[in-house]
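K.L.:
I'd like to ask some things about the structure below.
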Number of protein chains: 2
Amino acid sequence: MLMSHYIDIMKKAGVKFTRPRKLVLDALQAAKQPLSIKEIHKRVRNKADLASVYRTVNLFQDLGIVREVQFGEGYQRYELIGEGQHHHYVLCIECGKLEDIDICLLDRVEKMTNFKILSHSMEFQGLCHSCAG
Amino acid sequence: MLMSHYIDIMKKAGVKFTRPRKLVLDALQAAKQPLSIKEIHKRVRNKADLASVYRTVNLFQDLGIVREVQFGEGYQRYELIGEGQHHHYVLCIECGKLEDIDICLLDRVEKMTNFKILSHSMEFQGLCHSCAG
DNA sequence: TTCTAATTGCAAATGGTTTGCATTGCTTGT
DNA sequence: ACAAGCAATGCAAACCATTTGCAATTAGAA
């Protein structure tokens, strides 16, 4: 996704495109993996305050730029939302390997439950082929 | 699930079946819904300390009596594991209604990824039919 | 019943996240 | 280019969920 796309979203929302916000975007774009706040902050260290990283990520969530990924690690992870679609993951708790799963149940669940689904999480944890021995 | 079943698990694991542990089991059994620690503690108030609730729930997780449910609310919820199978949920963020979804992807994901899946979370948040208007 | 290790309660510590506030810095109008 | 006004930042303190240390209590085996 081009930076201009995100600048656009912020402009439309009437918020400023500031240095910390650019830094967080850069970090997430470079990572290509869901990052924790700590990890984002590390990648941005000395250029943006931890509190600003939190504020920025929360803003990005509201703007639909970023989504939360839950691994039950005691904190959240965040990833950029690409062109509409999103990912789900399997995490190897041994070596930390993260793999995509190409499944999404949104439509099916909306039909089954008659809910308007606004967000969902679906992540798996286990042992990858090599770590399972 | 009968109480004796849980007593058995604890006996086999070599841990004691204490009053706080019984209270937490009772609370979870009565609720029939994933409860937060706070909710468990409220249902047990004056009979077990908050720290003991935490310790008990963690123990139950290790023993496979309880599993975590993630709604990204900033804290965890816990539910008893029934006879082997487990549930997934849709939460209405407006009125708090919680509905079961009868889908589980464990097998499919294990095959797709070649991981040995040890745990997973899959929960949906949105608006139920009446709240969506 | 007695004894001992496991468990509890309480209070203090921890760690992730949020907030208050003074300062900084865009941005728009002049 | 300049000033005014408002948004956003940095820093420190506050907050809230969860964990931990330790002395007192208790389950349950002998």
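K.L.:
Please work through the protein assembly as shown and write down the cysteines that have no neighbouring cysteine Cβ at a distance under 4.7 Å.
P.N.:
Singleton cysteines: A:C95, A:C104, A:C131, B:C95, B:C104, B:C131.
K.L.:
Can I ask one more? Net charge near B:L35, counting Lys/Arg +1 and Asp/Glu -1 over other residues with Cβ under 14 Å of its Cβ? Mind showing how you got there, number by number?
P.N.:
Numbers: positive: B:K32, B:K38, B:K42, B:R43, B:R45, B:R67, B:R77; negative: B:D26, B:E39, B:E68, B:E73, B:E79.
So the surrounding residues net to +2.
K.L.:
Right, something else. Can you tell me the relative contact order of chain A? Whole percent, Cα pairs under 8 Å, sequence separation 6 or more.
P.N.:
Values: 143 pairs, mean separation 26.0, N = 133.
Relative contact order comes out at 20 percent.
K.L.:
List, shortest first and in nm to one decimal, how far the label point of B:E110 (7 Å from Cα along Cα→Cβ) is from its counterparts in the other copies.
P.N.:
Label-point distances to the other copies, shortest first: 3.2 nm.
K.L.:
Ok, one more. About the Cα centre of the protein assembly as shown, what is the dipole size in debye to 20, counting +1 per Lys and Arg Cβ and -1 per Asp and Glu Cβ, all else neutral?
P.N.:
Numbers: 38 positive and 32 negative charges, 227 e Å.
Taking the Cα centre of the protein assembly as shown as origin, the dipole is about 1080 debye.
K.L.:
Taking springs between alpha-carbon atoms closer than 10 angstrom, which of B:K38, B:K47, B:K111 fluctuates most in the Gaussian network model of chain B?
P.N.:
Maximum among the listed residues: B:K111.
K.L.:
Please express the shape of region B:88-132 as an equivalent ellipsoid: the semi-axes are the square roots of 5 times the eigenvalues of the C-alpha gyration tensor, given largest first in whole angstrom.
P.N.:
Here the semi-axes work out to 29, 9, 7 Å.
K.L.:
Output the Cα-based Rg and Dmax of region B:3-80 in Å, rounding Rg to one decimal and Dmax to a whole number.
P.N.:
Over region B:3-80's Cα set, Rg and Dmax evaluate to 11.7, 34 Å.
K.L.:
Separate question: Summarise the long-distance tail of P(r) for the protein assembly as shown by giving the % of C-alpha pairs beyond 33 Å. List each step's numbers first, then the result.
P.N.:
Working: 10644 of 35245 pairs.
Tail fraction, whole percent: 30.
K.L.:
On the full set of protein chains, 1.4 Å probe, figure out the accessible area of A:D100 and give it in Å² to the nearest 10.
P.N.:
80 Å²
K.L.:
Report the semi-axes of the equivalent ellipsoid for region B:44-115 in whole Å, largest first, where each axis is √(5λ) for an eigenvalue λ of the Cα gyration tensor. Please list the in-between numbers first.
P.N.:
Numbers: eigenvalues 138, 69, 25 Å².
Calculated on Cα positions only, the semi-axes equal 26, 19, 11 Å.
K.L.:
Please report the Cα spread of chain B along all three principal axes, rounded to whole Å, starting with the longest.
P.N.:
Sorted from largest, the Cα extents of chain B read 46, 39, 26 Å.
K.L.:
Charges on Cβ only, +1 for Lys and Arg, -1 for Asp and Glu, centred on the Cα centroid of chain B; of B:L91, B:Q33, B:V53, which one is farthest towards the dipole's positive end?
P.N.:
B:V53
K.L.:
Another question, if that's okay. Using a Cα distance threshold of under 28 Å, what count of lysine pairs results for chain B when pairs must be 8 or more residues apart or interchain?
P.N.:
Going through chain B pair by pair, I get 24.
K.L.:
Further question on the same structure: To the nearest 20 debye, what charge dipole does region B:3-80 have about its Cα centre, counting +1 at the Cβ of each Lys and Arg and -1 at the Cβ of each Asp and Glu? Mind showing how you got there, number by number?
P.N.:
On the way: 15 positive and 8 negative charges, 70 e Å.
My answer is approximately 340 debye.
K.L.:
Let's see if you can work this out: charge +1 on each Lys and Arg Cβ, -1 on each Asp and Glu Cβ, no other charges. What is the dipole magnitude of chain B about its Cα centre, in debye to the nearest 20? Numbers along the way, then the final one.
P.N.:
On the way: 19 positive and 16 negative charges, 157 e Å.
My answer is approximately 760 debye.
K.L.:
When ligands, DNA and RNA are left out and all protein chains stay put, how many square angstrom of accessible area per residue does chain B have with a 1.4 Å probe? Could the numbers behind the result be given before it?
P.N.:
Working: 7400 Å² over 133 residues.
Normalised by residue count, the accessible surface of chain B is 56 Å².
The values are calculated or read from the model by the stated rules, or taken from the named source; none is laboratory data. This structure is a prediction, so every number in the text was calculated from the model and none was measured. Note that we place each Cβ from the backbone using ideal geometry, even for glycine, and neighbour counts take in every protein chain shown. Calculation scope for accessible area: heavy atoms of the full protein, side chains included, ligands and nucleic acids excluded. Shrake-Rupley method; radii C 1.70, N 1.55, O 1.52, S 1.80 Å.
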